[in-house]
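The values are calculated or read from the model by the stated rules, or taken from the named source; none is laboratory data. This one's a predicted model, so the numbers in the text were calculated from it and none came from an experiment. No Cβ is skipped: glycine too gets one built from the backbone with ideal geometry, and neighbour counts run over all protein chains shown. Just so you know, the surface numbers come from the protein's heavy atoms only, side chains and all, with ligands and any DNA or RNA stripped out. Shrake-Rupley method; radii C 1.70, N 1.55, O 1.52, S 1.80 Å.
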Amino acid sequence: MDRQTINTVSPPSAEAVLASLATGVIITDTFARITFINRAAAAAFGVDSKSAPGLPFGEIIGHEQVKKMILEITGSAGDRCSGETPLTLNITVNGNEQYFKVEVAPVFEGGVFTGVACLLSDITHYKRVDRLKTQFVATISHEFRNPLTSIVMATDLLLDGARRENPEEPRMLLSAIREDGQRLKRLVDNLLELSRLEEGQIKMEMESVEVAEMVSLAIGPLQLQLKEKNITLTEDIPENLPEVFVDATKATWILTNLVGNAIRYTPRGGEIAIAATHRKNKVYISVTDSGAGIPENYHEKIFEKFTQVKGRANVGGAGLGLAIAKEIVEAHGGRIWVESRVNEGACFTFTLPIKPKEDNNYEQNSLG
C-alpha cells in the first residue's frame, strides 16, 4: 500500500489575521508609538498603513480623546485601563460620516507590559437606526398632533353647541373632523404599507395594464386639487405604448403619490406633465412639475423614510410617500429617481416592466 504524502498548511500569522480584520486595529509600544495598524484603521483615520509604524500615535492620529486614553495606559505601565469605558468617535471617511466604538486595553506578554491595543468597531449602521427611530418619533408625533388637535377642538365646539345661530357650522366642523380623520388614516396606512413592504409580506398581484388607463385612475381623485390651484395637467402617452406587467393598484398608487406631491409643490397657475416612453423591456413614466425644485444634495435622500427638504414650504406629509414608491418600484424590478434644479421644477421618473409576450424578443421574466 503506497504511502500518501500529506501536505500540511501553516496557519496564518497573528499579524496577517489582524491585517485582514474589518475591525480597525492599532497597536502601540510602551511609548505610544505605533507598531502596527491594519487597513481598516488606516482607512478610518485616513493614514498610510505602511508609513505609520514607528511614529508617535498622537502625530499620526489627530484625535485627542483616543490619544488621551492610550497615554493613560502607557503612563501607568498598563495599570490604568481606559478600555472599560468605550468611546464613540465620529469620523468623516471619504466624505461620509461614520461612527466607531473605540476600545483600548494594555497588552501584556509573559506578564510584562508591552504596549496598547486600540480597536475600532464600525457602528455607523446602529447610529443611523437610532437616529431614524428618533426622527420617526418626532415626525409621527408632529403629523398626529395637528389633526388630533383640530379634531378635539371641532368636537368640543360641537359638544358645547357654540354659535347655534349658524346652522351650517356643525356641518363645517364635521367636515373638518372627517378630513383630519382621513389624513390620519392615510398616515397609518402608509406606515403599515411600508412595514409590509420591508418585511416582504406584500403579495404582488401581477397583471397587464395599459399605462393610459393607469394614469387616468391615478389623477381622477386629484382633479379637485388641480382645479383649486388652477394647475394645468398634460399627458403624453403614446397610443402604441406596450402594456405594463404590474400590480395595478400599487403602480397606480405611485403615480397618485407623485402627482399629489407635484400639486403640493407647484404654485397656483403652474403646470404638471405626465409622459411615458418605451425602451427595451421597460416603460419609463415621468411626472414633471413647475415648482420650486429640489437641491441636488437631496436627490437621493428624499427617497429615504421621513426625509423632507429643508426650506420648502410646510405642506404636510411625513416623508413616507417617496420611500414607499421606491419600495414598490424596486419590487417590480425597476428604479425611481429625480432630476431637478432649484427654481426650475422637478422631474420624477420610474420604470415598470412591460407585458411579457411569447411572440417577441422581450425578456420573459421582466421582474428579474
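Observations on the structure shown:
- Residue 320 vs. criteria crowded, with 20+ Cβ neighbours inside 10 Å and not β-branched (Val, Ile, Thr): yes
- Taken over region 39-66, the criterion of being in contact with an Asp or Glu (Cβ under 9 Å, 6 or more places away or on another chain) and either in contact (Cβ under 8 Å) with a residue 60 or more places away in the chain or under 19 Å from residue 17 (Cβ atoms) (or both) is satisfied by 40, 42, 44.
- Yes/no for residue 288 being part of a strand (DSSP E or B) and either at pLDDT below 90 or open to solvent by 40 Å² or more (accessible area, probe 1.4 Å) (or both): yes
- Count of region 39-59 residues which are out of contact with any strand residue (DSSP E or B) (no Cβ under 6 Å at 6 or more places or on another chain) and within 15 Å of residue 24 (Cβ to Cβ): 7
- Every residue from region 36-49 that is touching a Pro at 6+ places or on another chain (Cβ under 8 Å) and either under 20 Å from residue 65 (Cβ atoms) or modelled with pLDDT under 90 (or both): 37
- Region 54-110, residues that are at pLDDT 85 or above and part of a loop (DSSP other than H, G, I, E, B): 54, 55, 110
- Selection count, region 240-275, where residues are out of contact with any helix residue (DSSP H, G or I) (no Cβ under 8 Å at 6 or more places or on another chain) and among the small types (Gly, Ala, Ser): 5
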